[in-house]
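> This is the structure I have questions about; it appears just below.
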Amino acid sequence: MALYSEAVMDHFMHPRNVGIIEDADGVGEVGNAKCGDIMKIYLKIENDVIVDVKFETFGCGSAIASSSMATEMIKGKSIHEAMTLTNKAVAEALDGLPAHKLHCSVLAEEAIKNALKDYYDRNGIAYDPKEFPDCEHCAHCE
Amino acid sequence: MRVYADNAATTAMSQKAVDAMTPYFRNIYGNPSSLHSVGQEAKEALDAARASVARCLGCEPREIIFTSGGSEADNQAILSAARYGARKKKKHIISTAFEHHAVLHTLQKLEREGYEVTYLDVKKNHNITAQQVRDAIRPDTCLVTVMYANNEIGSVLPIAEIGAICKEAGVPFHTEAVQAAGHLHINVKEQNIDMLSLSAHKFHGPKGVGALYVRRGFPLVNLIEGGAQERGKRAGTENLPGICGMAAALQDACEHMDENMPRVAAMRDRLIEGLSQIPHSALNGDRENRLPGNVSFCFEGIEGESLLLLLDAHGICASSGSACTSGSLDPSHVLLAIGRVHDVAHGSLRLSLSEYNTEEEIDHILTVVPQVVSYLRSISPVWRDLQTGKRQYIL
């Protein structure tokens, strides 16, 4: 289907890191069912390194592909590197997304940051709240 | 196996329609408005096509206007009735909440011009009753425009009853019959229809051509000015190949309706029965009064676009009313109008059949759809929340 790049279709048809982590160190969920997409990210973190990551996504093809690609991009990386992941990088790694699907890559970035925020909260690590977007009030769902 | 189950979007052309068109590209290529013999040959074909379409609808040939398709016919019918009404200080229109956008957007344009539109509620049985129309008619009502059958969920509306009510009340009645023409028996005189829109490519005819039936004497306004074609009501040299293809396709559909449609309806019923077994799913549309080829479901916990992509990977071409397939953020207005909330409207699937589908294809759909729904649920956080009780099932 020409709507999506081969990379998007590959990650949609064969998503990497699907599932949950029962004893996750950080869990992030963004989006809502009303808008038609929800992403949930589970992180396993050891010595500031993301040793495992899983996701579950309710959403369109590009939402599932963005989740898959974003989890691949942070797996094995330090939490500081993961914090620098941008939606643009996710979209580029997927060889681009249609304009009206770019918010899917935004959701992937936000889901990961949300999970990292949860990790910081659980471990009493100080952070700047401005670094974490507030998904509930983003323009996409309004 | 490739299964085309999106016949409400468009159909494959029939061989008869293709054969009916081909002479008019290179052999009978004249302009029907030309005086010479080449033009007059074309004029004869145009007249014959008009007579054929008229026979299929139960009207006179002069009551048929050829258009570029259903949308143009809808626009012209509604705007004509609105202008005629305004001359008599009547600016109220009755329609339904689940009309096609060709109708809805035209009505919204009129609302901005000061017309008032009553959109009949379609939550009960996913349909309207003739009584709802009767109750909505006012002294200043200038038009009732309700679709013959809904394109997304397949509900067939009580057109003959509505026609009788409109006739009694003296209110012009238009019906957008794009999904019905060639699939259901239509007789505009018996059903008291004043205007009816149809589109050729929904019944194995060509794309880019349609027709508007207008009861003799009803004053039409032109959308396209510039010539005396179509009795001066629709300018532009006629799309003769398209018109001849449409006439042949409609005639073929009407002649074989009684053998084809029960077979299509039987396949539809197998699909409805089979897909109803999927837990937390719901059929959309009127179960009793339903297009022979329409199957529409909502599956909770999944999103429609990913469903379509996976079905396509299994060779099944279908459609969905999810936001992601529409390019907007809201799911289909039809699903919302029948009362589906956003959460489940995103997980909709429409399979629309024609007589070209086979029982083997239905078997394939019945094998694949439950698998794909189950897979998408397995990776859905919404489904997990539903299963663990963190979220309440809607369906």
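The values are calculated or read from the model by the stated rules, or taken from the named source; none is laboratory data. From a predicted model like this one, the values you see are computed outputs, not experimental measurements. Cβ: placed from backbone, ideal geometry, glycine included. Neighbour counts: every protein chain shown.
> Being aliphatic (A, V, I, L, M), buried (at least 20 other Cβ atoms within 10 Å of the Cβ) and more than 14 Å from chain B (Cβ to nearest Cβ) is true for just one of A:Ala91, A:Ala108. Which residue is that? Step through it out loud before you land on a result.
Working: A:Ala108 fails: more than 14 Å from chain B (Cβ to nearest Cβ).
Only one candidate qualifies: A:Ala91.
> Checking A:Lys44 against (1) closer than 15 Å to B:Val382 by Cβ; (2) over 12 Å from the mean Cα position of the chain (by Cα): exactly one of these is not met. Which one?
So the condition that A:Lys44 fails would be (1).
> Let me ask you something else. Do we have any residue at all in the range B:140-151 that's surrounded by fewer than 22 Cβ atoms within 10 Å (Cβ to Cβ), in contact with a helix residue (DSSP H, G or I) (Cβ under 9 Å, 6 or more places away or on another chain), charged (D, E, K, R) and more than 21 Å from B:Lys90 (Cα to Cα)?
no
> Can I ask one more? Residues of the range B:326-343 being within 11 Å of another protein chain (Cβ to nearest Cβ) and crowded, with 24+ Cβ neighbours inside 10 Å, which ones? Even if it seems obvious, please write down each step before you answer.
Going residue by residue through the range B:326-343, those that are within 11 Å of another protein chain (Cβ to nearest Cβ) are B:326-331, B:341-343.
Of everything in the range B:326-343, just one residue is within 11 Å of another protein chain (Cβ to nearest Cβ) and crowded, with 24+ Cβ neighbours inside 10 Å, namely B:Pro331.
> Which of (1) in contact with a Gly (Cβ under 6 Å, 6 or more places away or on another chain); (2) small (Gly, Ala, Ser); (3) surrounded by fewer than 15 Cβ atoms within 10 Å (Cβ to Cβ) is the odd one out, the single condition B:Gly70 does not satisfy?
So the condition that B:Gly70 fails would be (3).
> Please indicate, with yes or no, whether at least one residue in the range A:55-64 is more than 10 Å from every other protein chain (Cβ to nearest Cβ) and either of a type in the set (Val, Ile, Thr) or within 27 Å of B:Leu309 (Cβ to Cβ) (or both). Give the steps one after another, and end with the answer.
Keep residues of the range A:55-64 that are more than 10 Å from every other protein chain (Cβ to nearest Cβ), which gives none.
Scanning the range A:55-64 turns up no residue that is more than 10 Å from every other protein chain (Cβ to nearest Cβ) and either of a type in the set (Val, Ile, Thr) or within 27 Å of B:Leu309 (Cβ to Cβ) (or both).
> Within the range B:298-314, track down each residue that is touching an Asp or Glu at 6+ places or on another chain (Cβ under 8 Å) and facing another protein chain (nearest Cβ under 8 Å).
First pass over the range B:298-314, keeping only residues touching an Asp or Glu at 6+ places or on another chain (Cβ under 8 Å): B:300, B:303.
Result: B:Glu303, single match.
> Please list, ordered by first then second residue, the pairs with beta carbon atoms under 7 Å, 6 or more apart or interchain, first in the range A:16-29 and within 12 Å of chain B (Cβ to nearest Cβ), second of a type in the set (Ser, Thr, Tyr).
A:Arg16/A:Ser68; A:Arg16/A:Thr71; A:Asn17/A:Ser68; A:Asn17/A:Thr71; A:Ile20/A:Tyr42; A:Val27/A:Tyr42
> Quick one: how many residues across the range B:138-194 are closer than 23 Å to B:Gly285 by Cα, in a loop (DSSP other than H, G, I, E, B) and small (Gly, Ala, Ser)?
5
> Let me ask something else about it. When you go through (1) buried (at least 24 other Cβ atoms within 10 Å of the Cβ); (2) closer than 25 Å to A:Met13 by Cβ; (3) touching an Asp or Glu at 6+ places or on another chain (Cβ under 7 Å); (4) within 12 Å of chain A (Cβ to nearest Cβ) one by one for B:Cys317, which number turns out not to apply?
The single condition B:Cys317 does not satisfy is (1).
> Among the residues that make up the range A:14-21, is at least one of them modelled with pLDDT of 95 or more, among the aliphatic types (A, V, I, L, M) and under 10 Å from the mean Cα position of the chain (by Cα)? So that I can check it myself, show each step before the final result.
Kept after step one, since they are modelled with pLDDT of 95 or more, are these residues of the range A:14-21: A:14-21.
With among the aliphatic types (A, V, I, L, M) added as a condition, the list becomes A:18, A:20-21.
Then keep just the ones that are under 10 Å from the mean Cα position of the chain (by Cα); that gives none.
Scanning the range A:14-21, I find no residue that is modelled with pLDDT of 95 or more, among the aliphatic types (A, V, I, L, M) and under 10 Å from the mean Cα position of the chain (by Cα), so the answer is no.
> Still on this structure, please answer the following. Evaluate the following for B:Ala102: is it assigned to a helix (DSSP H, G or I), closer than 29 Å to B:Val171 by Cβ and at pLDDT 95 or above? Step through it out loud before you land on a result.
Working: assigned to a helix (DSSP H, G or I): yes; closer than 29 Å to B:Val171 by Cβ: yes; at pLDDT 95 or above: yes.
Yes, satisfied.
> Does the range B:120-128 contain at least one residue that is surrounded by fewer than 24 Cβ atoms within 10 Å (Cβ to Cβ) and free of Cβ contacts under 8 Å to residues at least 12 places away in the same chain?
Yes; the residues of the range B:120-128 include at least one that is surrounded by fewer than 24 Cβ atoms within 10 Å (Cβ to Cβ) and free of Cβ contacts under 8 Å to residues at least 12 places away in the same chain.
> Sticking with this structure for a sec: Take the conditions within 14 Å of chain B (Cβ to nearest Cβ) and modelled with pLDDT under 95 and apply them to A:Lys34. Does it pass?
Numbers: within 14 Å of chain B (Cβ to nearest Cβ): yes; modelled with pLDDT under 95: yes.
Taking the combined requirement at face value, the residue satisfies it.
> Here is a further query. Identify all residues within the range B:375-390 that are in contact (Cβ under 8 Å) with a residue 12 or more places away in the chain, of a type in the set (A, V, I, L, M, F, W, C) and within 7 Å of chain A (Cβ to nearest Cβ); write none if there are none.
Restricting attention to the range B:375-390, the residues satisfying the condition of being in contact (Cβ under 8 Å) with a residue 12 or more places away in the chain are B:375-377, B:380, B:382-383, B:386.
Filter again for of a type in the set (A, V, I, L, M, F, W, C), leaving B:376, B:382-383, B:386.
Answer for the range B:375-390, where residues must be in contact (Cβ under 8 Å) with a residue 12 or more places away in the chain, of a type in the set (A, V, I, L, M, F, W, C) and within 7 Å of chain A (Cβ to nearest Cβ): just B:Val382.
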